[in-house]
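J.: Right, I'll just put the structure down here and ask away after.
Bear in mind these aren't lab numbers, they're just calculated from the coordinates by the rules spelled out. Keep in mind that what you see is a predicted model, and the values were worked out from it rather than measured. Don't worry about glycine lacking a Cβ; one is built from the backbone with ideal geometry, like all the others, and counts go over all protein chains shown.
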Amino acid sequence: MPVLVDGTVIAWDTLSIAEYLAEAFPERQLWPAAAADRALARSMCAEIHSGLSALRAACPMNIEAHLPHVGALAVRDNPPLVRDLERLIAMWSAPLNSHGGTKSFGRFIIVDAYCARRVMRLLTYDLPVLAEIKTYIERFANLKSVTEWVEQVSQEPDFLGHEKPYRLERELRMHALPRAHPL
């Protein structure tokens with residue numbers, strides 16, 4: 001769960017954290033300068049924050065896995081997931097097309113941070129997207145801060161082997177631990 005602690009200020013909701021940071025560091029321009037873009041970016045954040053539940057349910061967050069076979073089956077068998085993908089693509093398309101296609105509004109801002117978990121799901125499950133969205137996803141995934149985040153997650157020792165069998169195998173190889181023998 002995200003939490004920001006700054007002196008006596010405690011914020012535990014991502015939108016509250018984002019707004020606090022935008023107000024604390026106005027020189028960083030964490031929201032777009034134009035009012036119409038700002039309204040769109042905030043709307044995107046709100047929808048990403050509370051919507052797209054079929055995407056979250058069908059494709060759990062899993063940065064270090066590569067599960068295209070799971071993604072293909074989910075897209076084939078889950079119409080609500082397909083609707084969420086279509087909605088996400090529609091949301092991203094307008095700002096990407098009007099701001100050059102590299103970041104959602106031409107530079108990395110709060111809405112891009114909100115998209116991080118969705119981007120990683122699209123990569124993990126190799127979900128189908130338009131070419132311009134795929135370019136955004138690839139550029140996003142190659143940002144230094146994102147690659148550092150992925151590296152930190154891959155070093156996290158706290159996981160449940162039955163939920164991440166591919167990771168358990170990796171741990172066994174890395175530490176040369178003996179495999180459990182069947183009874």
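J.: Say each of Arg38 and Ala24 gets a label point 7 Å from the Cα, pointing the same way as Cα to Cβ; how far apart are those two points in nm?
T.: According to this spin-label approximation, the distance is 2.0 nm.
J.: Apply 1/(1 + (r/R0)^6) to the Cβ-Cβ distance of Ser154 and His69, taking R0 = 25 Å, and write down the FRET efficiency to the nearest 0.05. Don't skip to the answer; put the middle values down first.
T.: Details: r = 21 Å, r/R0 = 0.84.
Rounded to the nearest 0.05, the efficiency is 0.75.
J.: Need the C-alpha centroid separation for the stretch 1-68 versus the stretch 79-98, integer Å.
T.: Rounded to whole Å, the Cα centres lie 17 Å apart.
J.: Taking the Cβ-Cβ separation of Leu4 and Leu130 as r and a Förster radius of 22 Å, what is the calculated FRET efficiency to the nearest 0.05? Walk me through the numbers on the way to the answer.
T.: On the way: r = 34 Å, r/R0 = 1.56.
For Leu4 and Leu130, the calculated efficiency is 0.05.
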